[in-house]
Amino acid sequence: MPDHLNLRQRILYDLGEKIVLGHYPPGSVLPRENDLADHFDVSRTVVREAIKGLAARGLLVSRPNVGATVNPRSEWQWIDSDVIAWALVNRQNRADILLQVYESFAVIHPAVIENVAMHATAEDQQAIWKAYRQLEKSRDEIDAWDQAIDGWYDALHHACRTPILQSVAMRLSEIFASNLRHLTATRLALESPHINLRWIPTSAEALKHHRQIYQCIELHDSDMAFLIARRLLRAVLDNMRILCADPRVRHLIETA
């Protein structure tokens, strides 16, 4: 739990972790507000605000004469960074959560790039080109590359003209940057030389693919932009599936 939280946030995090980790399973009812207030030594108002926060994340529903009931996992807001953070508290879940984030990103991001290629303005293209140039400068240093790739995604997301698609993509990027940045496919592959991956892109190859994506955006070739992005992300996803299936890599992820 972060150290800087206020009382309401601390209760929200405490209860959120317990729900996501199964202490309060779906269908169960949380203790009454009075009991929670006594347990945390706070007012009922603080408890009520925390419960509202959990309900906003889809974890709970409050019913008259019943109380706060835990929703099925399928109704939880899994693109909320707090929900992911609570799930990651269980180290044994980390590889599976990491893979799910990659799978979701591999579906969403090509659609974002397709949308950007359709609608990008000259100003959008300039911002994306600037982000690409930063990738070029960062090609030989993994930490700088990670920071530059975040800038690349930010430029693409801000150029997306479909608000729902844009919002989902930005939330996935936020989840990855906040909780999983140190668990990229490249970093895990470097720490796992015993695994033979199908494709390990060099920095030059990665840059080539990103430049091709930029060129498609510049030409408004949305079909080709989508295909290049999908091919690139599927290759990364294939690597992640291989890595996450290996017990030694799962141990690396669990102890990271």
- Potential extension, Thr69-Leu190 segment - 0.36 nm per residue separation minus Cα distance: 39.1 nm
- Item | Option label - Rg/Rh (Cα atoms, Kirkwood Rh) computed here, alternatives (i) 1.04; (ii) 1.60; (iii) 1.00 | (i)
- Stretch Ser62-Asp154 to full length: gain in nm at 0.36 nm per residue minus the Cα-Cα span? 29.5 nm
- For the chain, whose charge dipole is built from +1 on Lys and Arg Cβ atoms and -1 on Asp and Glu Cβ atoms, the candidate among Pro31, Leu190, Met170 with its Cα farthest towards the positive end is Pro31
- What residues have an amide H closer than 5 Å to that of Leu59, excluding those fewer than 5 places away on the same chain, when H is modeled at 1.01 Å from N in the peptide plane? Gln77
- Please get the size of the charge dipole for region 7-75, origin at its Cα centre, with Cβ charges of +1 on Lys and Arg and -1 on Asp and Glu, quoted in debye to the nearest 20. 200
- Message: Please list, ordered by chain and number, the residues whose modelled amide H lies under 5 Å from the amide H of Tyr24; skip anything fewer than 5 residues away on the same chain.
- Response: Ile19
- Item | Virtual spin-label span in nm between His119 and Arg32, 7 Å along Cα→Cβ | 5.1
- Taking θ as phi - 60°, what are the ³J(HN,Hα) couplings along region 142-153 by the Karplus curve (6.51, -1.76, 1.60), each to the nearest whole Hz, with x for Gly and Pro? 5, 5, 5, 5, 4, 5, 5, 5, 4, x, 4, 5
- Item | Given charges at Cβ of Lys, Arg, Asp, Glu: the chain dipole, positive-most of Tyr153, Val70, Ala131 | Val70
- Whole-Hz Karplus couplings 3J(HN,Hα) for region 246-251, θ = phi - 60° and coefficients 6.51, -1.76, 1.60, Gly and Pro as x, run 8, x, 5, 6, 4, 5
- Message: Output wanted: per-residue J couplings in Hz (rounded whole) for region 172-178, from phi through Karplus 6.51 cos²θ - 1.76 cosθ + 1.60, θ = phi - 60°, x for Gly and Pro.
- Response: 5, 5, 5, 4, 5, 5, 7
- Taking the Cα centre of the chain as origin, sum charge times position over the Cβ atoms of Lys and Arg (+1) and Asp and Glu (-1), and report the length of that vector in debye to the nearest 20. 400
- Query: Reachable lysines from Lys208, Cα under 22 Å, same-chain residues fewer than 8 places away excluded?
  - Reply: Lys130, Lys137
- Query: Working out 0.36 nm times the residue gap between Arg139 and Ala245, then minus their Cα-Cα distance, what length gain in nm do you get to one decimal?
  - Reply: 35.3 nm
- Per-residue ellipticity at 222 nm attributable to helices in the chain (runs of n ≥ 4 DSSP H, -39500 (n - 2.57) apiece, nearest 500 deg cm²/dmol) works out to -21500 deg cm²/dmol
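None of the figures in this text is laboratory data; all of them are computed from the coordinates on show. In this text, all values refer to a predicted model and were calculated from it rather than measured experimentally. Positions of Cβ are backbone-derived with ideal geometry, glycine not excepted, and every protein chain shown enters the neighbour counts.
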